[in-house]
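Okay, so here's the structure we're looking at.
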Amino acid sequence: MTINPDLQGRSYPAAEVYDVGREKIREFARAVKATHPAHFDVDAAKALGHRDLVAPPTFAIIVAQRADAQLIEDPDSGIDFTRVVHADQRFTHHRPIVAGDRLVAELHVDGVRAMGGGAMITTRSEIFAVTEGADRESVATTKSSILVRGEGQ
């Protein structure tokens, strides 16, 4: 199956909410060897002006990958995940992610470019914090490029 060029411009709505917990932040920080006390100690985070533990900057990938899954699982995409190579990832933070945040991500397919027998797909996830009143606050934007290898590559 080939990659659907009509993916470009497609958007996938925010799906389930991801609740950011203190232990999730601590586990992620340990996994990526982030050692700042604000990732582990609430008092250290509050001393820096945050309401709770602060996630390492790359923590946003957890929410972004949940949004990416919608594209990968879309039967119209033509993407065979066994043929995917991650090419690039960038983060723009609008504010820190902290424990207690309830996050959602909208996925936008910004580019589809044929490359040999495969394709380079560029996506953008807009990550928002949501509140009880359905208000949304922009938290981060992630941009990702994946190479989907063609048959025989």
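How many Å² of accessible area per residue for the chain, probe 1.4 Å? Don't skip to the end; give the middle numbers.
Details: 8260 Å² over 153 residues.
Solvent-accessible surface per residue comes out at 54 Å².
For the chain, find the longest principal axis of its Cα atoms and tell me its angle to the long axis of helix 22-31, 0 to 90°, nearest 10.
Computed tilt is about 60 degrees.
Calculate, for residue 48 and residue 102, the FRET efficiency according to 1/(1 + (r/R0)^6) with r their C-beta to C-beta distance and R0 25 Å; round to the nearest 0.05.
Efficiency, rounded to the nearest 0.05: 0.70.
I want the local charge near residue 93. Using Cβ-Cβ distances under 15 Å, sum +1 for each Lys or Arg and -1 for each Asp or Glu among the other residues.
Values: positive: 90, 95, 124, 143; negative: 101, 126, 137.
Neighbour charge sum, excluding residue 93 itself: +1.
On alpha-carbon atoms, Rg over Rh for the range 22-69 using Kirkwood Rh?
Numbers: Rg = 11.3 Å, Rh = 11.0 Å.
So for the range 22-69, dividing Rg by the Kirkwood Rh gives 1.03.
Calculated from DSSP H runs of 4 or more alone, at -39500 (n - 2.57) each and per residue, what is the 222 nm mean residue ellipticity of the chain, nearest 500? Please report the intermediate quantities before stating the final value.
Values: 3 runs with 30 residues, N = 153.
About -6000 deg cm²/dmol.
By average Cβ neighbour count within 10 Å, what is the ranking of 65-73, 10-18, 98-106 from highest down? Working shown, then result.
Working: 65-73: 17.4, 10-18: 14.4, 98-106: 20.1.
Ranked by mean Cβ neighbours within 10 Å, highest first: 98-106, 65-73, 10-18.
Can you work out the base-10 log of I(q)/I(0) for the range 70-110 at q = 0.23, 0.27 1/Å, using the Debye formula on its C-alpha atoms alone?
Log10 of I(q)/I(0), two decimals: -1.00, -1.11.
I'd like to know how the range 44-120 sits against the 2.2 N^0.38 Å rule of thumb: what's its Cα Rg over that expected value?
Working: Rg = 16.5 Å, N = 77, 2.2 N^0.38 = 11.5 Å.
Dividing the Cα radius of gyration by 2.2 N^0.38 Å gives 1.44.
Relative contact order (percent) for the chain, with alpha-carbon contacts under 8 angstrom and 6 or more residues of separation? Don't skip to the end; give the middle numbers.
Numbers: 322 pairs, mean separation 44.4, N = 153.
Relative CO of the chain lands at 29 percent.
Given points 7 Å out from each Cα along the Cα-Cβ axis, report the residue 15 to residue 74 separation in nanometres with one decimal.
Inter-label distance under the simple model: 1.2 nm.
Would you mind telling me the share, in percent, of accessible area of the chain contributed by carbon and sulfur at probe 1.4 angstrom? The partial results should precede the final answer.
On the way: 4280 of 8260 Å².
Here it works out to 52 percent.
Of 34, 146, 96, which is farthest on the positive side of the dipole of the chain, counting Cα position, with +1 on Lys and Arg Cβ, -1 on Asp and Glu Cβ, and the Cα centre as origin?
34
Excluding ligands and nucleic acids, what accessible area in Å² is computed for residue 144 using a 1.4 Å probe, to the nearest 10?
10 Å²
Rolling a 1.4 angstrom probe over the protein chains, ignoring ligands and nucleic acids, what is the accessible area of residue 32 in square angstrom, nearest 10?
70 Å²
Over the Cα atoms of the range 1-100, what radius of gyration and what Dmax do you get, in Å?
Taking only Cα atoms of the range 1-100, I get Rg and Dmax of 16.9, 54 Å.
First measure r as the distance between the Cβ atoms of residue 138 and residue 27, then evaluate 1/(1 + (r/R0)^6) with R0 = 30 Å and state the FRET efficiency to the nearest 0.05.
Working: r = 25 Å, r/R0 = 0.85.
My answer for the efficiency is 0.75.
Enter the angle in degrees (range 0 to 90, nearest 10) between the Cα long axis of helix 60-73 and the first principal axis of the Cα atoms of the chain, meaning the one along which they spread out most.
30 degrees
Please turn the phi angles of the range 107-120 into ³J(HN,Hα) values with the Karplus equation 6.51 cos²θ - 1.76 cosθ + 1.60 (θ = phi - 60°), one per residue in order, whole Hz, x for glycine and proline.
3J(HN,Hα) across the range 107-120, in whole Hz: 9, 10, 8, 8, x, 9, 10, 5, 9, x, x, x, 8, 9.
The values are calculated or read from the model by the stated rules, or taken from the named source; none is laboratory data. Remember, predicted model here, so these are calculated numbers, not experimental data. Cβ sites come from the backbone with ideal geometry, for glycine too, and all protein chains shown count toward neighbours. Just the protein is used for accessible areas: all its heavy atoms, side chains included, with ligands, DNA and RNA removed. Shrake-Rupley method; radii C 1.70, N 1.55, O 1.52, S 1.80 Å.
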